[in-house]
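Below: the structure, in structure tokens.
The values are calculated or read from the model by the stated rules, or taken from the named source; none is laboratory data. Bear in mind that the values here come from a model prediction, so they are computed numbers and not experimental data. Areas reflect the complete protein model, heavy atoms only, side chains present, ligands, DNA and RNA absent. Shrake-Rupley method; radii C 1.70, N 1.55, O 1.52, S 1.80 Å.
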Amino acid sequence: CAASSFTMQKPVCTSPTPPAIVQTLSSSIGPVMQVKYTPDGTSLITASPLPQIQIWNTNTYQNPTLIETKIEGQSTLSVNPHGTQCALGYSLLKDAGTIALIDITRKTIAAKLKTHHSNGITSVQYKD
């Protein structure tokens with residue numbers, strides 16, 4: 001699969017001046033469709049429709065951890081308020097209606113949940 005590049009900007013901008021480019025990242029997971037920071041800002045999670053995500057350390061933005069989810073068609077990503085877990089919702093292909101829970105701390109798949117939402121999952125969100 002082809003690599004893609006994307007530019008990260010500071011996540012909060014309170015001035016009318018456009019934010020400065022912080023880092024340009026090269027991803028090995030193809031087109032990046034979802035990007036989320038953990039609440040403490042120490043990790044950045046990137047996801048694509050391919051069956052994998054990357055977890056980046058925001059101190060270096062180098063050598064991200066690649067997690068193979070073995071589920072294709074990821075369409076939404078949410079990080080819990082503690083920054084220890086993320087949820088991926090799937091709305092494409094044969095895995096539509098699946099939710100994968102990723103343990104960010106251990107960098108493993110914590111659970112895969114198959115729902116009755118055959119049209120897919122278009123949004124996931126943790127409760128604060």
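For Gly30, enumerate residues with amide H under 5 Å from its amide H, sequence gap 5+ or separate chain, H modeled in the peptide plane.
For Gly30, whose amide H was placed from the backbone, the distant partners under 5 Å are Ser4.
Please state the equivalent ellipsoid semi-axes for the chain: what are the square roots of 5 times the Cα gyration tensor eigenvalues, largest first, in whole Å?
Output for the chain: semi-axes of 25, 16, 14 Å.
Hey, any idea what % of the chain's accessible area is carbon plus sulfur with a 1.4 Å probe?
Of the solvent-accessible surface of the chain, carbon and sulfur hold 52 percent.
Return a single number: how many Lys pairs in the chain, at a sequence separation of 8 or more or on separate chains, have alpha-carbon atoms below 21 angstrom apart.
Pairs that pass both the separation and distance tests number 13.
How much area per residue is accessible in segment 28-70 when the probe is 1.4 Å and only protein heavy atoms are counted (Å²)?
I get 46 Å² per residue for this part.
Hey, could you get me the Stokes-Einstein D for segment 57-128, Kirkwood radius over alpha-carbon pairs, 25 °C and 0.890 mPa s, rounded to whole µm² s⁻¹?
192
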